[in-house]
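The values are calculated or read from the model by the stated rules, or taken from the named source; none is laboratory data. Not measured: the values here are computed from a predicted model. Glycine gets a Cβ as well: all are built from the backbone with ideal geometry, and neighbour counts include every protein chain shown. Protein only, heavy atoms only, side chains kept; ligands, DNA and RNA dropped before computing areas. Shrake-Rupley method; radii C 1.70, N 1.55, O 1.52, S 1.80 Å.
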Amino acid sequence: MNAQGTGTAREWWLITAMLTLAVLPPAAALVGLFVAVSAWGEHSDAMMPVLFLLIAVFGAVAASRRLPGRAVRPPDEPELAALVQDVAERLGFREPLLVRVVPDVHASLRRAKVSGIHAYVLVLGLPLLRALTADQLAAVVAHELAHEQHVGHRRTAWLLRSRHLLGVWLTPRLRPLAPLAAPLLRATQPGAWRTETDADADAARVIGTRATTTALERTVLLDAVYSGLGRRWWSALARADSYPQDFYDALDTAADDPHVARRATRVAAELEAVDPYSTADHPPAAVRLTALPDTDPAGATPYGEEPIPLRTAEALDRWCVEQLLAHRTARGRRRPRRGKAARPRRPLSLLALTDDRLHELLDDAGSSPLRSPEALEAALSAVADGSWPRLARRVEPRIRQVPASVRRAFARDVLADALLPPVTEALRAAGWTRASRWRTSVLTAPDGTTLDVGDTVTAALDSGDPAPVRALLAHQEAAV
């Protein structure tokens, strides 16, 4: 057998092993439950677990067939439809294409059957449509179409599918398959990553390296801001029975703040590095950017340096905010007491808030377990003697559920979040001012220098030396 045949056989073996391992827990649970019920009950009772399992399976299949998001029809958005069609023609993608919009920073392509016709559904996040230039959006569309062309091979499709099914069993609370799953996921990750970098290369070939590069960088930034700052807005306003009606306008404005962009880019890189079981199907952004070819498509016509005009922009914004509100209300709101109706959430404009009110909304100083001077000093002493991971576990007991290989990194983030509010509060009392409307930890000293206090606290935890934080507090005490 030649080398190619050996590689193919190895991949099929890995796929079979991952699929077998993925179905092992539910199969074992079903058999165990069937045996237990058979031993202590009627034989007809023993069929109930099977019935419940079948109902769950059919429900999951039905849910997976539902199309995500809101349909965008060519007559409503002709510019977007023309861009998608032109990119498809450049790539030689001949299949019917539908476009749907979702509220988050997301882009994907999936097969679907619509009105009895097999088609592909291109899913695009509203933040991408709003913030990316037409050239960058074309690069995102090209990547998704090219990715489907690469995974159209049956073996590659099964490889990605089996990795996903196996990764489901590696949640923080339940990891029974980790010792067996990790080597399989690690062995198949290069193949999954190759489909992404190949799709990036195709996008660069037909759209251009520059547009593909900036699209990737901007998408990573938007996702980090949406996942970090955006979720904080929703959580903070939920406590006041409100919601951000101008969520997407605020998201665009915050993403353009250099302090927000710098922090979001760093956090995104740190999160990409935390992958203890090699479940990530996408390579880190730095890897993807390095792998991009240096090419300029001959005869390519730029789509434009401005975002695609959306004729139904207001309706899309309103629909996406309503979807986020419904989702977060269903997940986070407590049930009202008997006889009392749940209070509806009031719309609130983030952009209309004063800086002080917005900082007050986002500042968690009052909820920090280290808000007293004694607790803060004890935490800094724990940093100095190296016992701070234990303190972090007391602050957040769920750290124990995190895989051991990344537990220290999670503990550092937890303790940094707990230390930051009281430190910034102390500096604010000494005359330091906010340097960013959207970041509460970026302060300007009385002498005019700007400092991200979060960087100082994180560096102290990484080095085990709290001296820089103590120096800041000493300046504060001297000023007071």
In this structure, is VAL402 at pLDDT below 90 and in contact with an Asp or Glu (Cβ under 9 Å, 6 or more places away or on another chain)?
no
Contact list please: Cβ distance under 9 Å, first residue in segment 407-436 and touching a residue at least 24 places away in the same chain (Cβ under 8 Å) and basic (Lys, Arg), second residue open to solvent by less than 40 Å² (accessible area, probe 1.4 Å) and not in a helix (DSSP H, G or I), pairs at least six apart or on different chains.
ARG434/THR440; ARG434/VAL442; ARG434/LEU443; ARG434/THR444
Count - residues of segment 124-158 that are among the hydrophobic types (A, V, I, L, M, F, W, C) and open to solvent by 30 Å² or more (accessible area, probe 1.4 Å):
1
Where in segment 159-265 are the helices (runs of 4 or more DSSP H), entirely inside, with at least 3 residues that are touching a Gly at 6+ places or on another chain (Cβ under 9 Å), over 30 Å from ALA88 (Cα atoms) and open to solvent by less than 20 Å² (accessible area, probe 1.4 Å)?
247-255
Considering only residues that are without any contact (Cβ under 8 Å) to a residue 24 or more places away in the chain and in contact with an Asp or Glu (Cβ under 9 Å, 6 or more places away or on another chain), which ones fall in segment 111-127?
ARG111, HIS118
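Conditions (1) over 20 Å from the mean Cα position of the chain (by Cα); (2) over 26 Å from GLU306 (Cα atoms), marked per residue:
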site: ALA181; (1), (2): yes, yes
site: ALA199; (1), (2): yes, no
site: GLY208; (1), (2): yes, no
site: ARG218; (1), (2): no, no
site: VAL225; (1), (2): no, no
Of the criteria (1) among the charged types (D, E, K, R); (2) modelled with pLDDT under 95; (3) not in a loop (DSSP other than H, G, I, E, B), which one ASP281 fails:
(3)
Selection from segment 350-386 of residues in a loop (DSSP other than H, G, I, E, B), open to solvent by less than 60 Å² (accessible area, probe 1.4 Å) and either touching a Leu at 6+ places or on another chain (Cβ under 6 Å) or farther than 21 Å from LEU473 by Cα (or both) yields LEU350, LEU353, LEU370
Restricting attention to strands (runs of 3 or more DSSP E) lying wholly within segment 68-115, give those where 2 or more residues are at negative phi and open to solvent by 50 Å² or more (accessible area, probe 1.4 Å).
107-114
For residues that are over 28 Å from the mean Cα position of the chain (by Cα) and either open to solvent by 30 Å² or more (accessible area, probe 1.4 Å) or modelled with pLDDT of 95 or more (or both), scanning just segment 445-462, find the one that is nearest to ASP256 (Cα to Cα).
THR450
Tell me whether segment 438-461 contains one or more residues that are closer than 28 Å to LEU251 by Cα, out of contact with any Ser or Thr (no Cβ under 9 Å at 6 or more places or on another chain) and in contact (Cβ under 8 Å) with a residue 60 or more places away in the chain.
yes
Checklist (1) under 28 Å from the mean Cα position of the chain (by Cα); (2) surrounded by fewer than 19 Cβ atoms within 10 Å (Cβ to Cβ) applied to ARG470, failing item
(1)
Out of segment 284-294, which residues are part of a helix (DSSP H, G or I) and open to solvent by 60 Å² or more (accessible area, probe 1.4 Å)?
ALA286, VAL287, THR290
Please list, ordered by residue number, the helices (runs of 4 or more DSSP H) wholly in segment 397-480 having 1 or more residues that are touching a strand residue (DSSP E or B) at 6+ places or on another chain (Cβ under 7 Å).
404-429, 453-463
